[in-house]
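Undergrad: The structure under discussion is supplied below as structure tokens; questions concerning it will follow.
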Amino acid sequence: MTSDDSAPRTRPFENADARSDFRCGKHSLDDYFHQHAANNNALGVGRTFVLTRDTGATDLPEVLGYFTLSMATVLANDVREQLPAKLPRYPLPVALIGRLAVDERARGRRLGEALLLDAMERIAEASTMLGCVGVIVDALDADAETFYAAYDFEPIGDAGWPRRMFLAMASIREALSTNSEDESAG
């Protein structure tokens, strides 16, 4: 995100993070962070990254937010409209942002966007070494769907909750390139 040591930074989850007072207000996301992230990291099931506050922001919790990354597959028929190339019939490799949450005391600071962009940067880098046609997320509710839709994720599969959404790797690279150009100009 930034090289300023005092600014919020994203880092790999540490077991002590599970004992923090992080709370986003969604039970499944809070429970995962406190009860399952450490074990899933140890097992290689998913990798969790946390956004920590800057050193001077003592009015905010230590852990501002988190996201979890893992690999998954998606059926070619579910993403045929988003991927113009002729696709094989077998499941396609994708990255999964399994969870993304911001502490309720830190909302309104665009931290969800910062977490999502960080996750997509990590995925784009990994995609240079392994096959990955895009990213899927599971929007828990309408608010989450609206958040992801603002970054061009599109619903795929059935319409229940959680709602699976997809963004093609080409779109991610384009968005990251645009974001990088915007930061350079500013």
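The values are calculated or read from the model by the stated rules, or taken from the named source; none is laboratory data. Nothing here was measured: the structure is a model prediction, and the numbers come from that model. FYI the Cβ positions are ideal-geometry reconstructions off the backbone, even for glycines, and counts take in every protein chain you see.
Undergrad: Taking interchain pairs and intrachain pairs at least six residues apart, which have beta carbon atoms under 7 angstrom, with the first residue in the range 157-181 and farther than 18 Å from E81 by Cα and the second acidic (D, E) and in a helix (DSSP H, G or I)?
TA: L176/E121
Undergrad: Sort out which residues of the range 15-34 are surrounded by fewer than 16 Cβ atoms within 10 Å (Cβ to Cβ), part of a loop (DSSP other than H, G, I, E, B) and either without any contact (Cβ under 8 Å) to a residue 60 or more places away in the chain or of a type in the set (A, V, I, L, M) (or both), and write them in order of number.
TA: If the condition is that a residue be surrounded by fewer than 16 Cβ atoms within 10 Å (Cβ to Cβ), part of a loop (DSSP other than H, G, I, E, B) and either without any contact (Cβ under 8 Å) to a residue 60 or more places away in the chain or of a type in the set (A, V, I, L, M) (or both), then D21 is the only one that fits.
Undergrad: Still on this structure, please answer the following. Within the range 47-73, track down each residue that is assigned to a loop (DSSP other than H, G, I, E, B) and in contact with an Asp or Glu (Cβ under 9 Å, 6 or more places away or on another chain).
TA: The answer is R53, D54, T55, L60, P61, E62.
Undergrad: Take the conditions at pLDDT 90 or above and either in contact with a Lys or Arg (Cβ under 6 Å, 6 or more places away or on another chain) or in a loop (DSSP other than H, G, I, E, B) (or both) and apply them to D4. Does it pass?
TA: no
Undergrad: Against the conditions (1) in contact with a Lys or Arg (Cβ under 7 Å, 6 or more places away or on another chain); (2) at positive phi; (3) not aromatic (F, W, Y), where does G108 fall short? Just the number, please.
TA: (1)
Undergrad: What do you reckon, is Y66 surrounded by 20 or more Cβ atoms within 10 Å (Cβ to Cβ), among the aromatic types (F, W, Y) and over 19 Å from R163 (Cα atoms)?
TA: yes
Condition check ((1) small (G, A, S); (2) more than 21 Å from H27 (Cα to Cα)) across all residues:
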site: L92; (1), (2): no, yes
site: G112; (1), (2): yes, no
site: E121; (1), (2): no, yes
site: G157; (1), (2): yes, yes
site: G160; (1), (2): yes, no
site: E181; (1), (2): no, yes
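Undergrad: Within the range 148-164, how many residues turn out to be aliphatic (A, V, I, L, M), touching a strand residue (DSSP E or B) at 6+ places or on another chain (Cβ under 8 Å) and farther than 20 Å from G131 by Cβ?
TA: 1
Undergrad: Check whether at least one residue in the range 100-121 is of a type in the set (D, E) and in contact with a helix residue (DSSP H, G or I) (Cβ under 7 Å, 6 or more places away or on another chain), and report yes or no.
TA: yes
Undergrad: Checking the condition under 14 Å from G98 (Cβ atoms), within 16 Å of the chain's Cα centre (by Cα) and modelled with pLDDT of 95 or more, which residue from L43, L64, L69 passes?
TA: L69
Undergrad: Write out, first by first residue and then by second, each pair whose Cβ atoms fall under 7 Å of each other, whose residues are 6+ apart or on separate chains, and whose first residue, in the range 44-58, is in contact (Cβ under 8 Å) with a residue 40 or more places away in the chain while the second is of a type in the set (D, E) and assigned to a loop (DSSP other than H, G, I, E, B).
TA: Here the result reads T52/E62; R53/E62, each pair linking the range 44-58 to a residue that is of a type in the set (D, E) and assigned to a loop (DSSP other than H, G, I, E, B).
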